[in-house]
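What follows is one structure encoded as structure tokens, with my remarks underneath.
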Amino acid sequence: MTLTDSSRKISRFGARYVLEARLRNMFKFIWVIAAISFLNPLLYLISFGVGIGSLITSNMGENGIDGVSYLTFVAPALLASAAIQGAMDEAIFPTINGFKWSKIFYGMNATPQTGSTIASGVFLTVLVRTTISVLAYSFVLYLFGAMDSPHAYLAVPIAILSGASFGAVMMAFASRVTNEDLFFTIVGRFLFGPMFLFSGTFYPLASLPIGLQFIGWISPLWHATELGRYATYGHSISPTMVMTHLLVILIMLVLGLLSAFKQFSKRLTK
Amino acid sequence: MSENLIDVRGLTKKFGDFTAVNGIDFHVRKSESFGLLGPNGAGKSTTMRIIAATSQRTSGEVSILGKDPELEGPQIRAHLGVVPQQDNLDIQLTVSENLYVYGRYFGLSRKFINSKIDDLLEFAQLEEKRDVKVEALSGGMKRRLTIARALVSEPDILILDEPTTGLDPQARHILWDRLFRLKEDGVTLLITTHYMDEAEQLCDRLIVMDKGSIMAEGSPSELIRKHATREVLEVRFGSERNKVIASGLEQFCDRIEVLPDRILLYADDGEAVLESIVGAGHSPNTSLVRRSSLEDVFLRLTGRSLIE
């Protein structure tokens, strides 16, 4: 009655089955996700791009910020922050749920799955969710005419990569959480909030006093935004800076994943 | 592979300075139903997690299906079904989806799992809940689903950690009935429990654990025969008088245990003992003659009762 040993297959492809289960979970909320993915950009673009944008245009002219309209300026930043927000949701909640609320990771770990395959599966789900958010957002940006330059499509993979990178870091943090109330307070008030406001999202980072600019330097959102602006309207940055931004994002991705993999395995075999 | 599906020798597990499991030995044969009986904190769940290849031991030797769980964890887990103490179902998914995704974690094909779902739902008596979200199930239903889920991969050993803790009596009896069916089908069961009636009903053989060590090993009837008498007479004289009167009762029975609320008199014929103490002028407020149980064995071995 014994079935053939599946552990070899699982060590190679196990993440796929975790992804499958996670997607089933995600699709229970697909209408919520779809609504957020389309409504969010709509609201932000109308209020910032059009509302504040008209104020800026009347004071500084048609191409008053960084040589482009305010809508064009703010669009790549909003795209990157949507990617990061989506990735964060998909990294944090399922991870805390898996270890703490429903403890489903312990159930998975009782099968041939391991900490690594489970972490990979969760990360793949982060990628899927980020891609959905980014595609929806880009579509709305396109409708608003904020994706007109020939290289604008490059903003899509850049945003997905940034989301994945931030998601990996958040998975690493979330897998260590024992007090989730405290964690959510820290993430919401002291991490995402300041990051959103001080990463050169709504104005060039250089217009902040130098003492506050460091928030941007350590913020994946700033690096993603700079690259996004480079893609969508040719924001002038040196090739060195392009490489630096990419490198920061990639390093965060790798460190986040390594740390998450290690902690998933450790916590599941305690 | 040896005849023993589980072989444990000198197993020790320490958490810092605390020794949760202290050098225990036991083995489980194929198609056997084996129990770990003991109070909370005895080291049962720790032992279970090591056998389920999800926790590392400090020292000793463990062989599950001929493999070392520390070296071949995933290979071993591919052949185990685990029912943890706390249900860890995917609460957003439906009953049948839970069975499906769990089978997928083992890498089983869609076709194979789908062919099993009906039988598993029938086994768990959840046919009508097939498309209901797990969130909405009662505690007993969740427990039965967790057991059905553990069976989706047709495991060689089914490991159950406190399967009926927290369930009402009716739900427990339904669950026992299901587990008994598995036992009849020849599934090898490893069960931890702190309910002696559960151990008596389900286990062919068991170890009694306390504070990380094994106090006794054998079949329920062997253990009762060895560590208790056939019958027990329970008498109550009121909580203040129990202790005073007890010393005068020792001569009437093999052994006496004084608990805060009652006195237990161990003898092969409880009625006869009752007659003789009444004849000697004692008049208990209440009296009850019953057969000895594993509870009495535990009391004898540790001086404490199982559920405190």
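Rg over Rh for the protein assembly as shown works out to 1.14, using Cα positions for both radii and the Kirkwood form for Rh.
For chain B, modelled as a GNM whose springs connect Cα atoms under 10 angstrom apart, the maximal fluctuation among B:ALA267, B:ALA171, B:ALA280 occurs at B:ALA280.
Placing unit charges on the Cβ atoms of the charged side chains and taking the dipole of the protein assembly as shown about its Cα centre, the candidate lying farthest along the positive direction among B:PHE34, A:GLY145, A:ASN63 is A:ASN63.
I need the shape label for the range B:175-256. Rule: rounded when a/c is under 1.5, else prolate if a/b > b/c, else oblate, with a, b, c from the alpha carbon gyration tensor.
Working: a/c = 2.64, a/b = 2.36, b/c = 1.12.
Since a/c reaches 1.5 and a/b is larger than b/c, the shape of the range B:175-256 is classed as prolate.
Please give me, ordered by residue number, the trypsin sites (Lys or Arg not before Pro) of the range A:1-68 that lie in loop per DSSP and have at most 15 other Cβ atoms within 10 Å.
Values: sites: A:ARG8, A:LYS9, A:ARG12, A:ARG16, A:ARG22, A:ARG24, A:LYS28; in loops: A:LYS28.
Here the sparse-neighbourhood loop sites are A:LYS28.
May I ask you to list the trypsin sites (Lys or Arg not before Pro) in the range B:185-264 that are in a DSSP loop and have at most 14 other Cβ atoms within 10 Å of their Cβ? Counting only loop positions with at most 14 other Cβ atoms within 10 Å, the trypsin sites (Lys or Arg not before Pro) in the range B:185-264 are B:ARG230, B:ARG241. The long axis of helix A:70-96 is offset from the longest Cα principal axis of chain A by roughly 20 degrees.
Taking 16 Å as the straight-line reach from the Cα of A:LYS100, the lysines in range (excluding those fewer than 8 positions away in the same chain) are A:LYS266, A:LYS270. Among B:ILE113, B:LEU65, A:GLY211, flag the residue with its Cα farthest along the positive direction of the charge dipole of the protein assembly as shown, charges on Cβ as +1 for Lys/Arg and -1 for Asp/Glu. Among B:ILE113, B:LEU65, A:GLY211, the one farthest towards the positive end of the dipole of the protein assembly as shown is A:GLY211. Note on chain A: percent of Cα-Cα distances in each 5 Å bin, starting at 0 and stopping at the bin with the largest distance, equals 1, 6, 12, 16, 17, 15, 12, 8, 6, 3, 2, 1, 0, 0, 0, 0.
State the number of lysine pairs found in the range B:114-220 whose Cα atoms come within less than 19 Å, restricting to pairs 8 or more positions apart or on distinct chains.
On the way: B:LYS116/B:LYS129; B:LYS116/B:LYS142; B:LYS129/B:LYS142; B:LYS133/B:LYS142.
Here the count comes out as 4.
Straight Cα distances below 18 angstrom link B:LYS13 to the aspartates and glutamates B:ASP25, B:GLU61, B:ASP68, B:GLU70, B:ASP161, B:ASP210, with same-chain residues fewer than 8 positions distant left out.
The distance separating the Cα centre of the range A:17-86 from that of the range B:181-204 comes to 58 Å.
Using the Cα centre of the range B:4-77 as the reference point, and only Cβ charges (+1 on K/R, -1 on D/E), how large is the resulting charge dipole? Debye, rounded to the nearest 20.
Numbers: 10 positive and 8 negative charges, 35 e Å.
Value, rounded to 20: 160 debye.
Just how large is the dipole of chain A about the Cα centre, in debye to the nearest 20, putting +1 at every Lys and Arg Cβ and -1 at every Asp and Glu Cβ? Mind dumping the intermediate values first?
On the way: 17 positive and 10 negative charges, 272 e Å.
That gives a dipole near 1300 debye.
Taking the alpha carbon gyration tensor of the range A:46-108, what are the square roots of 5 times its eigenvalues, largest first, to the nearest whole Å? Mind showing how you got there, number by number?
Numbers: eigenvalues 366, 18, 6 Å².
Those come to 43, 10, 6 Å.
Against the main long axis of the alpha-carbon atoms of chain A, helix A:115-143 sits at an angle near 30°.
Note on B:LEU301 and B:ARG255: the model spin-label points, each 7 Å out from Cα along the C-beta direction, lie 1.2 nm apart. Give the shape of the range A:52-184 as rounded, prolate or oblate, defined through the alpha-carbon gyration tensor: a ≥ b ≥ c are the square roots of its eigenvalues, a/c under 1.5 means rounded, and otherwise the shape is prolate if a/b is larger than b/c and oblate if not. Here the range A:52-184 falls in the prolate category. If you bin all the Cα-Cα distances of the range A:151-257 at 5 Å, starting from zero, the percentages per bin are 2, 12, 20, 24, 20, 12, 6, 3, 1. Per 10 Å bin, what percent of the C-alpha pairs of the range B:195-299 does each bin hold, from zero upward? For the range B:195-299, the binned pair fractions read 15, 43, 28, 13, 1 percent. In terms of overall dimensions, the C-alpha atoms belonging to the range B:1-145 reach 46, 34, 26 Å along their principal axes, ordered largest to smallest.
Take every DSSP beta bridge with both residues inside chain B and express the antiparallel ones as a percent of the total, to the nearest 5.
On the way: 36 of 54 bridges.
Roughly 65 percent of the beta bridges in chain B run antiparallel, per DSSP.
Loop-resident GluC sites (Glu not before Pro) (DSSP state other than H, G, I, E or B) in the range B:227-275 with no more than 11 further Cβ atoms inside 10 Å of their Cβ: B:GLU240.
Size of the dipole of the protein assembly as shown about the Cα centre, Lys and Arg at +1 and Asp and Glu at -1 on the beta carbon, nothing else charged, in debye to 20? Display every interim value, and only then the final one.
Numbers: 56 positive and 58 negative charges, 275 e Å.
Once rounded to the nearest 20, the dipole reads 1320 debye.
Taking the average, over residues, of other Cβ atoms within 10 Å as the packing measure, peptides A:149-158, B:144-153 rank B:144-153, A:149-158 from highest down.
Regarding the range B:119-250, what is the average projected area of its C-alpha convex hull, in nm²?
On the way: hull surface 47.7 nm².
Directional mean of the projected Cα hull area for the range B:119-250 stands at 11.9 nm².
Highest-first packing order for the peptide set B:77-83, A:138-144 is B:77-83, A:138-144, based on the mean count of other beta carbon atoms within 10 Å.
For chain B, what percent of Cα pairs sit more than 36 Å apart? Don't skip to the end; give the middle numbers.
Details: 13348 of 47278 pairs.
When every Cα pair of chain B is considered, 28 percent fall beyond 36 Å.
Ranked from largest, the principal axis spans of the Cα set of the range B:35-114 equal 41, 29, 19 Å.
Read the figures in this text as sums done on the coordinates, not as results from a lab. This one's a predicted model, so the numbers in the text were calculated from it and none came from an experiment. Cβ sites come from the backbone with ideal geometry, for glycine too, and all protein chains shown count toward neighbours.
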